[in-house]
Amino acid sequence: MSEDSGSLPSKNNFSEWYNEILWRAEIMDVRYPVKGLYVWYPHGFAIRKATYGILRELLDRDHEETLFPLLIPEHEFMKEAEHIKGFEEEVYWVTHGGLSKLDVPLALRPTSETAIYPMYALWVRSHADLPLKYYQIVNTFRYETKHTRPLIRLREITSFKEAHTVHATWEDANNQVEEAAVLYREFYDRLCVPIVMSKRPDWDKFPGADFTLAADVIMPDGRTLQAGTIHHLGDNFAKTFDITYEDENGGQQLAFQTCYGISERCIAALISVHGDDKGLVLPPALAPVQIVIVPIIMKKMAEEVAQAAKDIEAEMKTAGYRVKIDDRPLRPGAKYYHWEMRGVPLRLEIGPRDIENGVVMAVNRLGEKTTLPRENLADGVSSLLDAFKDQLMASAVGKVKEKIHIVNSLDEAKEAVETGIAVVQWCGCEECADEIEKVLDVSLLGDDIRSEYIEKAEGKCIVCGRPGKQAVVGRSY
Ligand code: A5A
Ligand code: ZN
């Protein structure tokens, strides 16, 4: 038997399914001998490349890419009090160079504010330098003490996209926060992954920020995954790192900043939202192989069939698709299994009868068959792939809507969070949030909800009965 033998656990057992698909679809190998560190297989890495290609494309519209060092000197790291408090338990320290103890211990960046902002203090001179919008895609290290999980809770985040912007005023920075929210929404749209955005409560904001917006993905088991965050940093870091600019009148002004990050959790979301019992299901834009051609070789016309497969491959390449012929000496069923596991959106089958009829059989990853005319095949393929993408989005939206429960009491909320998230009314005070979190064993994810799946409504706090505002609560990863 090939390496493909055996099958996935049902996606209803989401946790098992997730662990198995990572190796069966060749995304991550979890056998690396350091806890919380994992290895990208080439196929997983190709998905990463496509995903981050989209993220780069969106950012490159009006950001510039840069690259800062991994190591941060202790004195810079220790400058911003709130920031230190938030991260001190998660930092790895480099203390030695060879056998000698370093004079200045160096932190492995858990995030790069304290690496970047001392340089921003040098770079930002005048109002003409603003806004400044840079980003980098790097690895970061966090000594996570909660249960580590591939792509979800890592000690080495290998794919940390962090953007850091500088503005003249608090309002300008706030507009950037809104722009980042639109950008993240567009990014997740491209992944066909629905998100729910909200404003994290004050006690859950990024250490050193004025406030934090977060994009949560509702996973198949109903738990939420924080798959991106956007922080308004106010002038907190500017004060600490002395980031000032000269205004039009020659006066020195403190700058205002934002930062926003996405990690490979976006790939965990992509896999989890779309996958099924047969394996990965990938939207065409994210698929390392978008089309697999399976020639149906029989005694009759074997050469013509092989040639037709090659011609189709060439045509698909010319049309810009990532395409593969599978002409291995295996049963067609074994090939289908192999490519379905890896999430290939479209399979083209060509056999003697198809050649005679001037057609190609197309089967999408959800098993739907279409007979396409051989002539102008790329046009037929293009519309099938477009429709397939729309179908994935519609199906993902359908599933998310089922998992959002608008409730009116703690009891209803308790039931709701067993299968998804609850939208409750909350007065905004910390005591009531504590009560909700304690009774339901959930997190209060946020208020100021931005989601087309949640209709705005007013009501009374489900704990104290005072006037409330909508808030999302759920069990999070
Ligand atoms: N400098 C800002 C952008 C920052 O560090 N924000 S953050 O701490 O919220 O991280 C950004 C995103 O990285 C989070 O929203 C989350 O999606 C992801 N992330 C955080 N810790 C992670 C971990 N240990 N493993 C994987 N992803 C993580
Ligand atoms: Zn209340």
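No lab work stands behind these numbers, since they all come straight from the coordinates. The model shown is predicted, which means the values in this text are computed figures rather than measured ones. We place every Cβ from the backbone using ideal geometry, glycine too, and count neighbours over all the protein chains shown.
Would you list LYS278, LYS456, LYS317 from fewest to most Cβ contacts within 10 Å? Can you show the working numbers first?
Values: LYS278 17, LYS456 8, LYS317 12.
Going from least to most buried by this count: LYS456, LYS317, LYS278.
Test of the criteria: in segment 1-97, which GluC sites (Glu not before Pro) are in a DSSP loop and have at most 11 other Cβ atoms within 10 angstrom of their Cβ? Please report the intermediate quantities before stating the final value.
Details: sites: GLU3, GLU16, GLU20, GLU26, GLU57, GLU64, GLU65, GLU74, GLU76, GLU80, GLU82, GLU88, GLU89, GLU90; in loops: GLU3, GLU26, GLU80.
Sites meeting the loop and neighbour criteria: GLU3.
State the three equivalent ellipsoid semi-axes of segment 241-323, derived from the C-alpha gyration tensor as the square roots of 5 times its eigenvalues, in descending order and whole Å.
On the way: eigenvalues 602, 77, 8 Å².
Value: 55, 20, 7 Å, ordered largest first.
Would you mind getting the Kirkwood hydrodynamic radius of segment 1-159 from its Cα pairs, rounded to one decimal in Å? Please report the intermediate quantities before stating the final value.
Working: mean 1/r = 0.0535 Å⁻¹.
Mean inverse Cα-Cα distance, inverted, gives 18.7 Å.
Using DSSP to define loop residues, name the trypsin sites (Lys or Arg not before Pro) in segment 20-68 whose beta-carbon has at most 11 other beta-carbon atoms within 10 Å. Please report the intermediate quantities before stating the final value.
Working: sites: ARG24, ARG31, LYS35, ARG48, LYS49, ARG56, ARG61; in loops: ARG31, LYS35, ARG61.
When the trypsin sites (Lys or Arg not before Pro) of segment 20-68 are filtered for loop state and at most 11 Cβ neighbours within 10 Å, ARG31, LYS35, ARG61 remain.
Just to be sure I understand: if I project the alpha-carbon convex hull of segment 104-194 onto a plane and average over all orientations, what area do I get in nm²?
8.3 nm²
Can you give me the angle between helix 170-190 and the longest principal axis of the chain, using Cα atoms only, in degrees from 0 to 90, rounded to the nearest 10?
For helix 170-190, the angle is close to 20 degrees.
Could you give the alpha-carbon Rg of segment 84-127 over 2.2 N^0.38 Å, rounded to two decimals?
Numbers: Rg = 14.0 Å, N = 44, 2.2 N^0.38 = 9.3 Å.
Relative to the rule-of-thumb radius for its length, segment 84-127 sits at 1.51.
How big, on average over all directions, is the shadow cast by the Cα convex hull of segment 346-477, in nm²? Don't jump to the answer; show the numbers that get you there.
Numbers: hull surface 41.9 nm².
That works out to 10.5 nm², a quarter of the Cα hull's surface.
Using alpha carbons only, how many degrees (0 to 90, rounded to 10) separate the axis of helix 14-24 from the longest principal axis of the chain?
Around 60 degrees separate the two axes.
Semi-axes of the equivalent ellipsoid of the chain: what are they in whole Å, largest first, if each equals the square root of 5 times a C-alpha gyration tensor eigenvalue?
Details: eigenvalues 386, 156, 99 Å².
Semi-axis lengths for the chain are 44, 28, 22 Å.
Measure nothing but the geometry: give the 0 to 90° angle between the long axis through the Cα atoms of 265-274 and the longest principal axis through the Cα atoms of the chain, rounded to 10°.
40 degrees
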